[in-house]
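Notes to accompany the following structure.
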Amino acid sequence: MADFHYYEPSQGHGLRHDPFNAIVGPRPIGWISSKDAKGHVNLAPYSFFNAFCYVPPIIGFSSTGWKDSVANIQETKEFTWNLVTKHVAEQMNMTSATVPHETDEFTISGLTKVASRKVDVPRVGESLVSFECKLTQMIQLQGADGKKADAWVTFGEVVAVHIDKSLIKDGVYQTAEAYPILRAGRMGDYVQVRPDMMFEMVRPR
């Protein structure tokens, strides 16, 4: 029988580093661009991110603390998501820095703002895939005891999609050909998806 490390999160994990976000990983990165009502643009990565619905297509990210992205999206009801790949990994990491609200992360990271078509928020020009999104829900999380957590989940409907055509073959998007990177816990672990890592299992009928 396996020997398990057991802990109850409310009592502490008893390890050198909290394993929670390493166990639930790797996770896609929510690289979110937003704009406040005065026109200040923000770009920041969120590791608690995923897709949640096909029709309509809905994505969401969770922010620990009321950060600029959440405040901006509450004001303007719009944002973009941008795929993070190895070739923009360093720039993505730069946009995770804590900087004053008026600071433009596109400028400090050397990334290119590209105008979106359906929302008034720029997407990352260097990103191979981008979603334009409109806010659907913003929810403050709470524990089993009903106590509010210092975390908000923002959901958005994808109203426009931009895909680099090199990633489409025979009408099928090639996930691994983009070489996306995903968050894998600890202080700075990431995983890269490559074509040689892929395998297929067809769902039973």
For T103, put the label point 7 Å out on the Cα→Cβ axis and report which residues of segment 64-85 keep their amide N under 20 Å from it. 64-73
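Just by accessible area at a 1.4 angstrom probe, what is the order of D3, D150 from largest to smallest?
Working: D3 150, D150 95 Å².
My answer, sorted largest first, is D3, D150.
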Segment 41-146: which GluC sites (Glu not before Pro) are DSSP loop and have at most 14 other beta-carbon atoms within 10 angstrom? E102
Probe 1.4 Å, accessible area per residue of segment 131-182, Å²: 60 Å²
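At most 16 other C-beta atoms within 10 Å and a DSSP loop state: those are the exposed chymotrypsin sites (Phe, Trp or Tyr not before Pro) I care about. Give me the longest piece of the chain that has none.
Counting at most 16 other Cβ atoms within 10 Å as exposed, the longest clean stretch of the chain is 67-198.
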For segment 19-194, the percent of accessible surface on carbon and sulfur atoms (probe 1.4 angstrom, ligands and nucleic acids excluded) is 55 percent
Nearest 20 debye, what's the magnitude of the dipole of segment 19-194 about its Cα centre given +1 on Lys and Arg Cβ and -1 on Asp and Glu Cβ? 280 debye
Which of the trypsin sites (Lys or Arg not before Pro) found in segment 4-93 are loop residues per DSSP with 11 or fewer other Cβ atoms within 10 Å of their Cβ? R16, K38
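Wrap a convex hull around the Cα atoms of segment 72-127, take a quarter of its surface area, and give that in square nanometres.
Numbers: hull surface 16.4 nm².
Computed as one quarter of the Cα hull surface, the answer is 4.1 nm².
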Calculate the FRET efficiency for L167 and V191 from the Cβ-Cβ distance with a Förster distance of 25 Å, rounded to the nearest 0.05. 0.85
Semi-axes of the equivalent ellipsoid for segment 19-194, please: Cα gyration tensor eigenvalues, times 5, square-rooted, ordered largest first, whole Å. 23, 20, 17
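Give, in nm to one decimal, the length gained when the segment between A151 and T64 is fully stretched (0.36 nm per residue of separation minus the Cα-Cα distance). It would help to have the intermediate numbers written out before the result.
On the way: separation 87, 0.36 × 87 = 31.32 nm, distance 0.43 nm.
Computed gain between A151 and T64 is 30.9 nm.
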Relative contact order, percent, of segment 19-194 when contacts are C-alpha pairs under 8 Å separated by at least 6 residues? 27 percent
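Which semi-axis lengths, in whole Å and largest first, follow from the square roots of five times the eigenvalues of the Cα gyration tensor of segment 107-205? Each step should come with its number before you reach the end.
On the way: eigenvalues 155, 105, 62 Å².
They are 28, 23, 18 Å, listed largest first.
The values are calculated or read from the model by the stated rules, or taken from the named source; none is laboratory data. Only a predicted model underlies this, so the values are computations on that prediction, with no experimental measurement involved. Neighbour counts run over all protein chains shown; Cβ positions are idealised from the backbone, glycine included. Remember, those area values only see protein heavy atoms, side chains included, never the ligands or the DNA or RNA. Shrake-Rupley method; radii C 1.70, N 1.55, O 1.52, S 1.80 Å.
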